[in-house]
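First the structure, in the form of structure tokens, and then the observations on it.
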Amino acid sequence: MSKIIFITGASRGFGKIWAEAFLERGDKVVVTSRSLSALKELVDRFGSAVLPLELEITNRAACFEAMAKAKAHFGKIDVVINNAGTGVFGAVEELDEQAARDIIDANLFGTLWITQAALPILREQRSGHIIQLSSALGIYSFPTVGIYSASKFAVEGLSEALSQEVKGFGIDVTLVEPNGYATDFNTSSVQSNPIAAYDDLKAELYALPEFSASDAYGDPNATSEAILKLVDTINPPLRLILGKKALPLAQHFYEERLNTWDQWKDVSVKAHGL
């Protein structure tokens, strides 16, 4: 039985790739973008199976209006994929105020507004699956991605709480955590104004195999199978890493955290005071 999928940021990257995968197998898809013209290719290829909507995800009222249009058009919504977002690169000291505010507005609040708009519909249905595009950088962080990581760490915390709040309504929540992929994300992201003091750090960082190896960035088209399997799974996981690079790094960073907390355990317990 075909599903009704709502995907934000579907004009390029993961959003477009996943929309195509759903449509090719017979699902119906609501696709959003800040520009309707950017969705024309999907409409031309798949016709009435696509509902294109112009949407700025930072506008809460517009998110509710878009979700209502989707429900009215297709009658229900089975899966919501919060894919739209933006990136900012720069050391913490380099970050521009407006760029920092914009990324939190898009990546956190945009995700929140779409989620809030979908929940009344999914609760009434007593079913649904909300998929939040997080990142491996929502699990750990590196120099120059601090504000991006902050936005994704926030999505992780928000969504972990959400998953517990809505489980009783038959709604599943999954955080999708890709490692680096060869999309246009890097070129479309905002670059902060550089401070020369960080030049050597950046040069050393981006010379590491994690960034410079031939397989450092995954093929985004290879993610479709995982997303299709995810939405078809009866009991989907709260977290799903995409790519082969993120899991070893996540394991390394979490081992470090656990070791540090254990080393400081006596200090922590004493600080309880009782």
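Quick notes on this one:
- Qualifying residue in the range 31-38 (condition: polar (S, T, N, Q), farther than 13 Å from ALA70 by Cβ and not in a helix (DSSP H, G or I)): yes
- When ARG12 is tested against (1) of a type in the set (D, E, K, R); (2) crowded, with 19+ Cβ neighbours inside 10 Å; (3) touching a residue at least 60 places away in the same chain (Cβ under 8 Å), just one condition goes unmet, and that condition is (2).
Residues are listed down the side, and each one gets a yes or a no for (1) in contact with a helix residue (DSSP H, G or I) (Cβ under 6 Å, 6 or more places away or on another chain); (2) over 14 Å from ILE5 (Cα atoms); (3) without any contact (Cβ under 8 Å) to a residue 12 or more places away in the chain; (4) of a type in the set (Phe, Trp, Tyr):
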position	(1), (2), (3), (4)
GLY75	no, no, no, no
GLY90	no, yes, no, no
GLU93	no, yes, no, no
ILE103	yes, yes, no, no
THR115	no, no, no, no
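- Consider the range 194-205 and keep the residues that are within 28 Å of the chain's Cα centre (by Cα) and of a type in the set (A, V, I, L, M, F, W, C). The one that is surrounded by the most Cβ atoms within 10 Å (Cβ to Cβ) is LEU205.
- Residue match in the range 235-246 (condition: of a type in the set (A, V, I, L, M, F, W, C) and free of Cβ contacts under 8 Å to residues at least 24 places away in the same chain): no
- For the range 12-30, filtered to residues that are assigned to a helix (DSSP H, G or I) and among the charged types (D, E, K, R), the residue that is nearest to ILE81 (Cα to Cα) is LYS16.
- Residue check, SER48 crowded, with 18+ Cβ neighbours inside 10 Å, among the hydroxyl-bearing types (Ser, Thr, Tyr), modelled with pLDDT of 95 or more and in contact with a Lys or Arg (Cβ under 9 Å, 6 or more places away or on another chain): no
- The residues on offer are GLU165, GLU160, GLU177, and the sole one that is closer than 20 Å to ARG257 by Cα and surrounded by fewer than 18 Cβ atoms within 10 Å (Cβ to Cβ) is GLU160.
- In the range 206-233, the qualifying residues are those that are more than 15 Å from LEU133 (Cβ to Cβ) and hydroxyl-bearing (Ser, Thr, Tyr), and the one that is surrounded by the most Cβ atoms within 10 Å (Cβ to Cβ) is TYR217.
- Unmet requirement for ARG123, which otherwise passes all of (1) under 13 Å from the mean Cα position of the chain (by Cα); (2) modelled with pLDDT of 95 or more: (1)
- Residues that are part of a helix (DSSP H, G or I) and hydroxyl-bearing (Ser, Thr, Tyr) were ranked within the range 103-134; the one that is surrounded by the fewest Cβ atoms within 10 Å (Cβ to Cβ) is THR115.
- Among the residues of the range 59-93, those that are surrounded by fewer than 17 Cβ atoms within 10 Å (Cβ to Cβ) and not in a helix (DSSP H, G or I) comprise ASN59, GLY75, LYS76.
The values are calculated or read from the model by the stated rules, or taken from the named source; none is laboratory data. Just so you know, these numbers come straight off a predicted model, no measurement behind them. Ideal geometry is used to build each Cβ from the backbone, glycine not excepted, and the neighbour counts take in all protein chains shown.
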